[in-house]
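The values are calculated or read from the model by the stated rules, or taken from the named source; none is laboratory data. If you're wondering where the values come from, they're calculated on a predicted model, not measured in any experiment. Cβ: placed from backbone, ideal geometry, glycine included. Neighbour counts: every protein chain shown.
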Amino acid sequence: MSNKLYFLIITLLAALLVACNTPAEQPAPAEETETTTETTETESEEAAPETEAETGERTTIQVMLVDYIPDVTDVWLEEEVVPAFQEEYPNVDVEFVYVNWGTLDETVQGYFAAESGADIINLGSEYVAEYGDRLAPLNAQMAEWGELDQFVPATLDTVTWDGEVRGLPWLTAPRAVMCRTDILEELGFDGAPTTFEEMIAVAEAGTIIEDNALVRQGFMADGLLNNWQEFINLIWSNGGTVYNEDGTPNLNSPEAKAALEFMNARRAAILPSDTIAGLPEASGSRLATGEVGCRWGNLWGAPPTDDPLWENISLSPGFVSEEFGTEPVAQVFNDWLAIPAYSENLDTAVAFLQFLGSAENLNAYNEQFGSFPPRQDAWFGYVDDPIMQEMGQIMSDYGVGFADIRETAQLRDILVAEIDAYFSGLQDVDTALDNINTQYEDVLRDAGRIN
């Protein structure tokens, strides 16, 4: 990797700590103590095994993962990663439970309610505040492993709670705006939109409707026009916050109102009538097929970075309301893997977690969809690609970690319901925002997060 990109990503990921109200205390390395113990040969032979897997008895651990690319990620894990792990741990079987982000919350909540479930679970950027107390503290095991210092500090903040590491980062994925420059040029635009007004114009001009169905969509936010994470991103881009200083929600602010009114206007520019059918099921990158003019998201939904089509695709951080005089924000997400405290196979789960967290495995996993490995010694090969470098520059200049979003699942449900009601004309923007703020405040109070 070039020194420039290495410096940019280090700078960005360190800056992501600002996204959290109170950065988590980094775990202190385990203290080394000298002991003098005389052990007979017989006592040495009868010493307890270090892990469950070394007892000679067969052990099965279960791993719950988001399956981003079915038939790719799962095949790699089952046919390459597990057999390699079993060379060192031949008595361990690994079973996978694959979920998506629509089913993850329910699955994880079910595990903790039953005090039983997968030994390793996939969590998102903002989940440590939700589940930290119910995850196994791993400082001692990670200190013995000795590879934690290879991880970028800001990614470790995502997995640290109450001074204890609770898992390992799995991927780092920034989001940006990607536009087909050839389509924009045909429509008379000089470049990617930078303001709300320009984005609405691109969304409308870039949309093609035939036989009351979308043929091309001027803009798409990870497949949705009511994307709740984009709503938060736009609030941040306008200079707003999700919370007030006392922890109460701030989702009916002027910045939030401008963001939601913009999203509604952009939606109306694309779908002038609710009777218009959406795009057909995707058969690859919609940027590549020309079904989308611009999209907000990470590189997973884009063409491969070595595709010649990138000569006609621009990357930009986003767009803002001119009302607030701010710069756009590029959200950065860190997926991570944690071990619940209920696991009865702690040592074996730690061994597999650390195996997954090797430089080679993190590089191979993140290469599948163009995200950044969270450990520094995994930045080789594909990360030197010019498109990856450009995304790294956007992260460095505009990146903000998507973290410390409290009671995430309930907030998501509130936002989707109230935004849809506003978009459908069932309520005005002020009512929608007041409903969001009031309902979310009740959730935070019921959870004991505010008085």
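In the set ALA417, ALA432, which member is of a type in the set (Gly, Ala, Ser), buried (at least 22 other Cβ atoms within 10 Å of the Cβ) and in the same structural domain as ILE235 (by TED's automatic domain parsing)?
ALA432
Among the residues of segment 352-367, which ones are of a type in the set (Gly, Ala, Ser) and either crowded, with 23+ Cβ neighbours inside 10 Å or modelled with pLDDT under 95 (or both)? Break it down into steps so the answer makes sense when it comes.
Kept after step one, since they are of a type in the set (Gly, Ala, Ser), are these residues of segment 352-367: 357-359, 364.
If the condition is that a residue be of a type in the set (Gly, Ala, Ser) and either crowded, with 23+ Cβ neighbours inside 10 Å or modelled with pLDDT under 95 (or both), then GLY357 is the only one that fits.
Are any residues in segment 259-273 of a type in the set (A, V, I, L, M), more than 25 Å from the chain's Cα centre (by Cα) and part of a helix (DSSP H, G or I), and if so, which ones? Working first, answer last.
Quick first cut of segment 259-273, residues of a type in the set (A, V, I, L, M) only: 259-260, 263, 265, 268-271.
Still in the running and more than 25 Å from the chain's Cα centre (by Cα): 265, 268-271.
Scanning segment 259-273 gives ALA265, ALA268, ALA269, ILE270.
Based on what the data block shows, is GLU390 among the acidic types (Asp, Glu) and either over 23 Å from GLY239 (Cβ atoms) or free of Cβ contacts under 8 Å to residues at least 40 places away in the same chain (or both)? Before you say what the answer is, go through the steps one by one.
Details: among the acidic types (Asp, Glu): yes; either over 23 Å from GLY239 (Cβ atoms) or free of Cβ contacts under 8 Å to residues at least 40 places away in the same chain (or both): yes.
Judged against the criteria, GLU390 is a match.
Among MET388, MET395, which is the only one that is in contact with a Pro (Cβ under 9 Å, 6 or more places away or on another chain), outside the structural domain of GLY247 (by TED's automatic domain parsing) and within 26 Å of LEU224 (Cα to Cα)?
Among MET388, MET395, only MET395 is in contact with a Pro (Cβ under 9 Å, 6 or more places away or on another chain), outside the structural domain of GLY247 (by TED's automatic domain parsing) and within 26 Å of LEU224 (Cα to Cα).
Please return the ranges of helices (runs of 4 or more DSSP H) entirely within segment 171-239 where 2 or more residues are surrounded by 19 or more Cβ atoms within 10 Å (Cβ to Cβ) and under 19 Å from the mean Cα position of the chain (by Cα).
The qualifying helices (runs of 4 or more DSSP H) are 228-237.
Results for (1) modelled with pLDDT of 95 or more; (2) touching a helix residue (DSSP H, G or I) at 6+ places or on another chain (Cβ under 7 Å); (3) surrounded by fewer than 21 Cβ atoms within 10 Å (Cβ to Cβ), shown as yes or no for each residue.
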{"residue": "SER316", "(1), (2), (3)": "yes, no, yes"}
{"residue": "PHE319", "(1), (2), (3)": "yes, yes, no"}
{"residue": "PHE324", "(1), (2), (3)": "yes, yes, yes"}
{"residue": "PRO328", "(1), (2), (3)": "yes, yes, no"}
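Based on what the data block shows, is ALA338 more than 30 Å from GLU255 (Cα to Cα) and out of contact with any helix residue (DSSP H, G or I) (no Cβ under 6 Å at 6 or more places or on another chain)?
On the way: more than 30 Å from GLU255 (Cα to Cα): yes; out of contact with any helix residue (DSSP H, G or I) (no Cβ under 6 Å at 6 or more places or on another chain): yes.
Yes.
For a quick check of your reading of the model, give me the residue pairs whose first member lies in segment 208-231 and is without any contact (Cβ under 8 Å) to a residue 60 or more places away in the chain and among the acidic types (Asp, Glu), whose second is crowded, with 19+ Cβ neighbours inside 10 Å and not in a strand (DSSP E or B), with beta-carbon atoms closer than 9 Å and at least 6 apart or on different chains.
Pairs that qualify, where the first residue is without any contact (Cβ under 8 Å) to a residue 60 or more places away in the chain and among the acidic types (Asp, Glu) and the partner is crowded, with 19+ Cβ neighbours inside 10 Å and not in a strand (DSSP E or B): there are none.
Looking only at segment 298-308, decide whether some residue is touching a residue at least 12 places away in the same chain (Cβ under 8 Å), hydroxyl-bearing (Ser, Thr, Tyr), part of a strand (DSSP E or B) and in the same structural domain as PHE189 (by TED's automatic domain parsing).
So far as segment 298-308 goes, no, none of its residues is touching a residue at least 12 places away in the same chain (Cβ under 8 Å), hydroxyl-bearing (Ser, Thr, Tyr), part of a strand (DSSP E or B) and in the same structural domain as PHE189 (by TED's automatic domain parsing).
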